[in-house]
Amino acid sequence: MTSTKEAKNLLSCIWDGSLPLEIRLSASECRIYDQADPYLIQYPRLSYLPFLLPHLHAFFAPSFIDPEVIPYDGWFSFEDVPLKWQYPLGLLYDLVSGASPSQASGLDVEDRSPLDKQDEHLPWRLTLHFTEWPEHALVRPDAEGKMLHDAFINSVKEADFLRNGTAKGIMSLSKDDSTKLWNAVQEHDFESFDPISRRLLYAQGAPLRHVPLKIYLPSSPTVSEPTSGHLRVVQSLITPSTPGSREPQSLGTALHALLPSLFPSRRTPILAKAVLHGAVVPMGALVEDLMRTAAYLDGWVHLGVVMM
Amino acid sequence: MFSQQEHCGFITEQKFDEACQRLAQLAIGTNLPDSRVEIRRDEGHRYLIISRPLQLDHLRQPSARLAISGSGEETPDISVDRSNVEDEDVAAVHHSSASQASSSVRYHILYSISYQVPVLYFFLHGLPTLKARNVDTVYHALVPQHLQDEAKAVGVMGGIGMTNHPINGIPCFWVHPCNTAEAMKDMLKGIEREVSPAEYLMIWFGKVGASVGLSLPIEMISGTNAGGSKTYDLGEPRDEI
C-alpha cells in the first residue's frame, strides 16, 4: 500500500497539475484573424474547458463576425478534432495531443513532472468556435451550461454506484454539500472539494465493491466519421482484489484480464502503456490506490492507452 | 433465471445477451407492422435496435402503451393500448406532413456495466437538427402525458438527457439508468416465481421503454414466456409461439 505521506503528495501533485493553453478563435469566425491575440492561460488538468467559455466569449467579442453568438455555443477543437466538453482537460490532452506521457525515472513522485518532455506540444494550441456545432461528435449544451453539471453529477453517481452498489453516497449529500462540491469543481478549490470527495471515496460501513476505471483506446478515424474524435471506451467490473484470491488487484492484472491482446503481461508493458495525468502508470500500482489518490474529480480513474 | 432472493433489479451482461437474442427471435416470428427489431454485436457487446416511425399526430398521448403491473401476486398483467386519439394542438405545432411521413425514432438498448441494467439510448431521425437534438421534442413526441413530471424530476436536467452513444459516440438521448435497478426490483418483487431474462427485459420495456414511447406488440410480449427453459412456473398455461 502507498504510505499516507506519499499518497498525500501524489494527491496534491495531481491537483496542482496544469497545462498552458493557447486558444485562438476559429479563423472563419474572426474579423481580424491576423491581428487577434490568442487567449493564454495555465489551466488545471483536472478542470473542464467549458468553465472558460464566459471569459473567452468576453475576450474575443471584439473579433466576432457574428456578434450574436452566446458563450455556451462555444466548443474547442485540436487539429480539427472536436474536444468532448465533458472530459477533463488533462484527459483530453493525454488522449488527443499526441504528446508522449512522461515516464517515472524513480519512485519519488517529485520526479514525475508531467511537463518534462512535452515542450514541443506546449502550449497546447486549441481552436475555439461559437458556430457550426459538430452535431455528429458533441452533445449540444443548453444556454445556462447546466448540462456540464448534469454530466458531472451523472459521472459521480456512476462511480459511486460502482464503489458501493448503490448511488446512495452522492444521493445522500445534502443540497448544500452537493452545491459546494460543484462550486469547488468550478473554482478548482481543493479545501472545499476534498472533504466532500473523501466522504464519497471512503463510504462508511460498506466494503469497496468495484473500482471506477475506464480505459480509453486509441482508434483510427473511420471513413464515415473522419474527425469525430470518438474514442473506444472499455469498462469492466474491476474488484479491488483479483477474483478468487485475496491478492490486491494491480493495474497490470486488471488490464491483462480486460485487454489481454494489448497487455499480454501483467507486470511489464509490452505493446501498450497506461497513461494517467500525463504519466505512465506502473503496472504494479494497485487499482484501489489509484482510485484513492489519482482519480479525476468525478471519482473515476480515466486511463488512456498509448501504443509503444 | 432470477430467483426471488437473487433479483435485486440487476441483470448480468450474459443474461442480457440471452434476453436480446430471445427478443430478436420473437420479432422474426411476429408481425410487426411498423417497428423493426435488429440485434447487433459490436466490440463484443450485444444490443437491440428497435425503430419505428415517429407519429407526430399522436403526440402527447400514450399510444401503444405497454403497462405491466408487478404489484400483485398474479403474473404480470400485460396490456397494450393502441387507441388513436388525435391531439390537434400539438400536431399543429410540429412539422409539415412531409417531415412527419419520414421522421422516425431509433431506440438502442445496451447494457450498462456500471449499473448492471439495460440502458435505453435513442435517436430522432428525419427532423430538423435543432429539433432532433432538443430534449423538449422528446417530451412532446414520446413521453406520455402522465409520465411527464416523473421523467423531468430526476437529476439536474431530468431523467432524460443527452449523451454520446457508448459505441459510435454520436450524440443521442438516453434515459438515465441510475434508478432502473430500484424500479425493476419493485416490479419484480410482486412476481412469485422465477423470471427469465427475456421476461426481465419485457418488464424493463414496460417501465423504462414506456417512459419514452417504446413498446412492443402484445404478440411478442406473450411470446417471452414461451419456449426457452422449462424451469419457470408460468402460473397459467400459455400457447407456444
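We did not get these values from a lab; they are worked out from the coordinates using the rules stated. Bear in mind that the values here come from a model prediction, so they are computed numbers and not experimental data. With ideal geometry, Cβ positions are generated from the backbone for all residues, glycine too; neighbour counts draw on all protein chains shown.
A few points about this structure:
- Couplings 3J(HN,Hα) of segment A:42-53, computed from phi: 9, 10, x, 4, 6, 8, 10, 4, x, 4, 7, 4 Hz, in residue order, whole Hz [Karplus 6.51 cos²θ - 1.76 cosθ + 1.60, θ = phi - 60°; x for Gly and Pro].
- Kirkwood hydrodynamic radius over Cα pairs of segment A:213-307, then Stokes diffusion coefficient at 10 °C and 1.306 mPa s, in µm²/s: 114 µm²/s
- Cross-link pairs A:K180/B:K152; A:K146/B:K15; A:K146/A:K273; A:K157/B:K131; A:K157/B:K185; B:K152/B:K189 - those with Cα-Cα distance over 31 Å: A:K146/B:K15; A:K146/A:K273
- Working note: Cα gyration tensor of segment A:17-142, eigenvalues times five, square-rooted, sorted largest first, giving semi-axes of 29, 15, 12 Å.
- Normalised size of segment A:147-201, defined as Cα radius of gyration per 2.2 N^0.38 Å with N residues, equals 1.05.
- Near B:F122, the amide H atoms lying under 5 Å from its own belong to B:H108, B:F173, B:W174; only residues 5 or more places off or on other chains count, and H is placed 1.01 Å from N.
- Of all DSSP bridge pairs formed entirely within chain A, close to 70 percent run antiparallel.
- Computed on the Cα trace of chain A, the radius of gyration divided by the Kirkwood hydrodynamic radius gives Rg/Rh = 0.97.
- Shielding of A:165-172 by partner chains, average beta-carbon count, 10 Å: 2
- Summary of packing: across the peptides A:237-246, A:133-142, the per-residue average of other C-beta atoms within 10 Å ranks them, highest first, as A:133-142, A:237-246.
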